[in-house]
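One structure is given below, encoded as structure tokens.
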């Protein structure tokens, strides 16, 4: 040490480390967005992009969506509308898998009847169009006609060459998101380009934005059991270490609750990190997938409870006005039918007391698995959320020397954290221990240190019972 004459101050690392604050319910939506509508394509969420949006305006700019979109085609429009308009929750992550340069179809010389100076193409969401007279003379846009690309509506201008036309020929290219396959949604890594696509892009969320996915949803694709299975697999191992929950739908071919258990078992939808939803919802004459609404309910419930996922989303209000199985006919489930679905590990929508509610506490692994850590949605999410927090909090201590100071710092800090959770009512109680029996000499010599945490999460009051008994002693009140 060099010579020093005077007063000196040194800073020592704090012996108590505060926990890393994380959000439990940030949703990641994988699906199709109508980005071909966006004028400034530099702002568009192109296929392969991972986009974080905090409000409706940002989503419109990145996704090109409108609240009146056909949500069956444009799943990310449904997601943005649900999160920012119906539930006013943010932020949300969007992964678009639609590519207008690839997922498009062309129509040649479609004959369009003109009536009262207007005509209608057979398809909407037009990307490129050309209008000709019936004998093949090409017309000029905004001189002879105008076209609304969103709806495919043609308007004939009165001073152009089509002013007397009874029909025209239209050649155009339109957006066709229905061309996207389940394999494209599942995605992967292209060995030639090293480009990551589909659900595998969930791993990019944390590295790009430093936020952790809480809920994975794929509106328009999760009703494919292969997609749902991969969603659950990804939810169980994001970046190889983090954990979330996946929410999936059952297909519209299921029109009766009695069909659900057989389909669910046949398609192997039995993962503990998966929530299965049926049927669909209707709001403002729009059919909305229940998985998307469930993500909104989860986000709103967490936001109302300090952003800690200890409260079940079941029996919380759904923004819907009707239920439907096939998107056409209204469906009314009784309490017995809703409970039948719950008993088979399916979350549903119930209009019984207090309006439409999300109904169900069980993950997809129920009833085959009975461990409440895995079968109860709020418990499953709490274990994942706290595990993520442990990783983020103590990553800073990786490669520190294994000694008494490190062990005590972790034990003391986490015990304070668990005590705080208990006092706040998030858990029933918890303790952390550094046990000699779980730390062999070989492990410690090899750089492996183990801590044991016991805690009690709060199971939702799924069944409240009262016992009523007639007491004849109260007959004496008849005589004063």
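Quick note: the coordinates plus some simple rules give every number you see, no bench work behind them. It should be emphasised that the depicted structure is a prediction, and the values quoted were computed from it without experimental measurement. Note that we place each Cβ from the backbone using ideal geometry, even for glycine, and neighbour counts take in every protein chain shown.
A few points about this structure:
- Antiparallel bridges, percent of DSSP beta bridges restricted to segment 187-339 (to nearest 5): 60 percent
- Shape call, segment 215-351: gyration tensor on alpha carbons, a/c limit 1.5: oblate
- Relative to the longest principal axis of the Cα atoms of the chain, the long axis of helix 290-303 lies at roughly 40 degrees.
- Footprinting exposure proxy ranking of 258, 197, fewest other C-beta atoms within 10 angstrom first, gives 258, 197.
- Look at where the Cα atoms of segment 427-444 and of segment 373-406 average out, and the two centres are 13 Å apart.
- Once the Cβ-Cβ distance of residue 42 and residue 436 is raised to the sixth power relative to R0 = 45 Å, the FRET efficiency obtained is 0.15.
- Estimated from helices alone, the mean residue ellipticity of the chain at 222 nm is -7000 deg cm²/dmol (sum of -39500 (n - 2.57) over DSSP H runs with n ≥ 4, per residue).
- Likely footprinting exposure, 310, 470, fewest C-beta neighbours within 10 Å first: 470, 310
- Highest-first packing order for the peptide set 295-307, 102-114, 86-98 is 86-98, 295-307, 102-114, based on the mean count of other beta carbon atoms within 10 Å.
- Helix 225-236 axis versus longest C-alpha principal axis of the chain: approximately 40°, rounded to the nearest ten.
- The simple Förster model, with R0 at 30 Å and r as the Cβ-Cβ distance, assigns residue 397 and residue 372 a FRET efficiency of 0.45.
- Whether the chain is rounded, prolate or oblate, judged on the alpha carbon gyration tensor where a/c under 1.5 counts as rounded: oblate
- Sorted fewest first by neighbouring Cβ atoms within 10 angstrom, 455, 74, 359, 332 come out as 332, 455, 359, 74.
- Shape of segment 242-308, Cα gyration tensor, a/c cut at 1.5: oblate
- The C-alpha atoms of the chain define a longest principal axis, and helix 404-424 lies at about 70 degrees to it.
- Taking 0.36 nm per residue of sequence separation and removing the Cα-Cα distance, the residue 336/residue 469 pair yields an extension gain of 45.3 nm.
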